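Trainee: Below is the structure I would like to discuss, written out as structure tokens.
The values are calculated or read from the model by the stated rules, or taken from the named source; none is laboratory data. If you're wondering where the values come from, they're calculated on a predicted model, not measured in any experiment. A quick note on method: Cβ atoms are made from the backbone with ideal geometry, for glycine too, and the neighbour counts reach across all protein chains shown. Ligands, DNA and RNA are excluded from the accessible area calculation, which covers all protein heavy atoms including side chains. Shrake-Rupley method; radii C 1.70, N 1.55, O 1.52, S 1.80 Å.
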Amino acid sequence: MKSIFGEPPDGFSSSASQESHFIPTGSGESHQGLSHVDGSGQARMVDVSSKEDSKRVAVAACKVLLGQKAFHLVASNQVAKGDVLNVAKIAGINGAKQTSSLIPLCHNISLTHIRVDLALNEKDFSVEIEGEAATTGKTGVEMEAMTAVAVAGLTVYDMCKAASKDISITEIHLERKTGGKSGDWSRR
């Protein structure tokens, strides 16, 4: 069977990857939790019009591994482009507000709150980033929270790349979410 998602990358067995591929149901509905794929395998934006409004909050996190040199420049506010942590915070907030423009099948939602916090971790010469997004509406804000931390992380990289090219943005993930039909969820 030919996969609609293409061939697996080198190093992945075809039998293992076939298990995770979409299998058309013929009913026109999505398959086993793939809400953005219809029964014929086509991408679609989910219709949320029948959902009830509810308070929804999501918290995401990521880490930017700077290395010792870049870390000390950020910690002492000596980066040529300016105050890395404050610029990245504003960039993360702006990123959350632009999520539906960046991620094609995300709904354009009215955010009621965005928080982005950045903290230096001297143990591994990193910046730890946490983002929170909130709304009262028909769809969740997980993507807005993750976009906030990703854009903040990219901004840290951009502002520090003159000091080091060996910077990694890692561990972008959802920490927890509340509200909606699926209820509350937490990584811990």
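Trainee: Kindly provide the GluC sites (Glu not before Pro) of segment 112-188 that DSSP labels as loop, not H, G, I, E or B, and whose Cβ sees at most 11 other Cβ atoms within 10 Å. If you can, show how the numbers build up before the last one.
Mentor: Numbers: sites: E122, E128, E130, E132, E142, E144, E171, E175; in loops: E122.
Sparse-neighbourhood loop GluC sites (Glu not before Pro): E122.
Trainee: Turning to a different aspect of this structure: Rounded to whole Å and sorted largest first, list the principal axis extents of the Cα atoms in segment 106-188.
Mentor: 45, 28, 17
Trainee: What is segment 56-188's relative contact order, in percent, from Cα pairs under 8 angstrom and six or more apart in sequence? The partial results should precede the final answer.
Mentor: Details: 296 pairs, mean separation 55.4, N = 133.
That works out to 42 percent.
Trainee: If you don't mind, another one. Taking 35 Å as R0, compute the FRET efficiency from the Cβ-Cβ separation of S76 and S100 and round it to 0.05.
Mentor: Details: r = 38 Å, r/R0 = 1.08.
Plugging the Cβ-Cβ distance into 1/(1 + (r/R0)^6) gives 0.40.
Trainee: From the residues T155, Q98, A119, which one has its Cα farthest along the dipole of segment 73-188 in the positive direction, the dipole being from +1 and -1 charges on Cβ of Lys/Arg and Asp/Glu about the Cα centre?
Mentor: Ranked along the dipole, the leading option is Q98.
Trainee: On a full-extension model of 0.36 nm per residue, what is the gain between T112 and N86, subtracting their alpha-carbon distance, rounded to one decimal in nm? Spell out each step's value before the answer.
Mentor: Values: separation 26, 0.36 × 26 = 9.36 nm, distance 2.10 nm.
Gain on stretching T112 to N86: 7.3 nm.
Trainee: Now a separate question. Could you sort out which of K138/K161; K63/K181; K89/K161; K89/K165 sit more than 28 Å apart by Cα distance in this structure?
Mentor: In this structure, K138/K161; K63/K181 lie more than 28 Å apart at Cα.
Trainee: For R56, R176, R115, give the ranking by accessible area with the largest first, probe 1.4 Å.
Mentor: R176, R115, R56
Trainee: Now for a separate question. For the pair V48 and D166, what calculated FRET efficiency results from E = 1/(1 + (r/R0)^6), where r is the Cβ-Cβ distance and R0 = 41 Å, to the nearest 0.05?
Mentor: Values: r = 42 Å, r/R0 = 1.03.
Calculated transfer efficiency: 0.45.
Trainee: What is the percent of Cα-Cα separations in segment 50-108 that go past 17 Å? Could you put the intermediate results ahead of the total?
Mentor: Working: 1021 of 1711 pairs.
Every Cα pair in segment 50-108 considered, those over 17 Å come to 60 percent.
Trainee: Size of the dipole of segment 113-188 about the Cα centre, Lys and Arg at +1 and Asp and Glu at -1 on the beta carbon, nothing else charged, in debye to 20? If you can, show how the numbers build up before the last one.
Mentor: Details: 10 positive and 13 negative charges, 64 e Å.
Using only the charged Cβ atoms, the result is roughly 300 debye.
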